[in-house]
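These notes are about the structure you will find just below.
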Amino acid sequence: METQSGTTPPEAGRTSMADVVVIGAGQAGLSAAFHLQRRGLAYTVLDAEEGPGGAWRHRWKSLRMATVNGISDLPGIAQPYVDPAEPSSEFLTRYFAGYEQELGLTVHRPVKVTAVSRADDDPAGRLRIRTSHGDLSAKAVINASGTWTRPFWPIYPGQFTFRGRQLHVADYVSADEFRGQHVIVVGGGISAVGLLDEVSQVTTTSWFTRREPEWRDTGFDAQAGHNAVALVEERVRQGLPPQSVVAVTGLIWTPALRAAAQRGALDRRPMFTSIESDGVRLADGTLLQADVILWATGFRAELEHLAPLHLRGPGGGIAMDGTQVAAEPRVHLVGYGPSSSTIGANRAGRAAVTAILKLPGIRPQAETVNLA
């Protein structure tokens, strides 16, 4: 089957060719595909999911559009009317699917990318992309694989002796499953406080964080957002692991969270020292009994398939120049670090395509398509 841009999907036993391969079809990947199509480049989009929607396919049903953190329009097509009560997983999956269809963006799925490497035997100096369905050869790669498949689990003494249930937010379904149990929530981000609000309405909870949470009493304006992104950009420029933008901005009070605070759900405790069979050992030496530990401890970027390129530096991160990997200009990371927000992902998709057009041997295959 041919894609809209004239490239072919990966097939076992042969190597398909493309100017650019996009890995992932969430917000960042679709934004990149939009700009690649608009600029007339031959590209292929690969997605490991069974259908459209990216990580939104897996969000818990109780996360509704009225409470989800701000979602930006995809480039070129605005979101349709949003029912505030609709689960974000349903609405955004439908929006992404319609976007792919209306713009004719061919996404090959489910296709898992297993490795990206330099094709040293290729006189054109291309990159080799190995997948679950065969190999591709490309002049550039835009990686938009996101973080959802790499939940971060901290390690604490005695963690495996706990006789209750431990789960990460990636596995969370509903607060109803915890009725009658005492739930410990670990983490200081938006997911942690959102789930504390939800779970504390049906059962008892305790909240633990490594650092005292920082709350904002004022709205989050454009300048504050710009400053936060600049701090994250500086970290990745130096080759340090990126912090989330939320870690820089702090938590914003909402009416729902103020109500949770009144219930005592946001009475934060310093981290426990160890985990025992019946609960956690507090800093003062006492034991807090618990039935469930819910780890709201974030995610890490899904980049294992890029390991053959040896992109990580001594700081543990990948030094970046905008969306471009500083040591490998043919590889761009979108939805990574400062572009991990939905607004940032859109901008990063456009920036990556603009930079790729400056690479040697990259030429539009067709006239620019006016999509916006």
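Just so it is clear, none of the values below were taken in a lab; they were calculated from the coordinates. Remember, it's a predicted structure, so these values are computed and weren't measured experimentally. Cβ sites come from the backbone with ideal geometry, for glycine too, and all protein chains shown count toward neighbours.
Taken over the Cα atoms of the stretch 28-81, the convex hull encloses 100 Å³ per residue. Each peptide among 319-332, 36-49, 172-185 gets the average number of other Cβ atoms lying within 10 Å of its residues, and from highest to lowest they stand as 36-49, 319-332, 172-185.
Remark: relative contact order (the stretch 90-190) = 13 percent; criterion is Cα-Cα distance under 8 angstrom and separation of 6 or more residues. Near residue 75, within a Cβ-to-Cβ distance under 9 Å, what is the net charge of the other residues, with Lys and Arg +1 and Asp and Glu -1? With Lys, Arg at +1 and Asp, Glu at -1, the net is +1.
Based on C-alpha pairs under 8 angstrom that are at least 6 apart in sequence, the stretch 138-205 has a relative contact order of 29 percent. Amide hydrogen proximity for residue 22: with H placed 1.01 Å from N in the peptide plane, the residues at 5 or more positions away or on another chain lying under 5 Å are 44, 45, 46, 142.
Normalised by residue count, the stretch 111-190 yields a Cα convex hull volume of 185 Å³ per residue. The loop-placed chymotrypsin sites (Phe, Trp or Tyr not before Pro) in the stretch 64-141, going by DSSP, that have at most 12 neighbouring Cβ atoms within 10 Å of their Cβ come out as 81.
At what distance in angstrom do the alpha carbon centres of the stretch 106-123 and the stretch 268-328 lie from each other? First find each Cα centre; the distance between them is then 28 Å.
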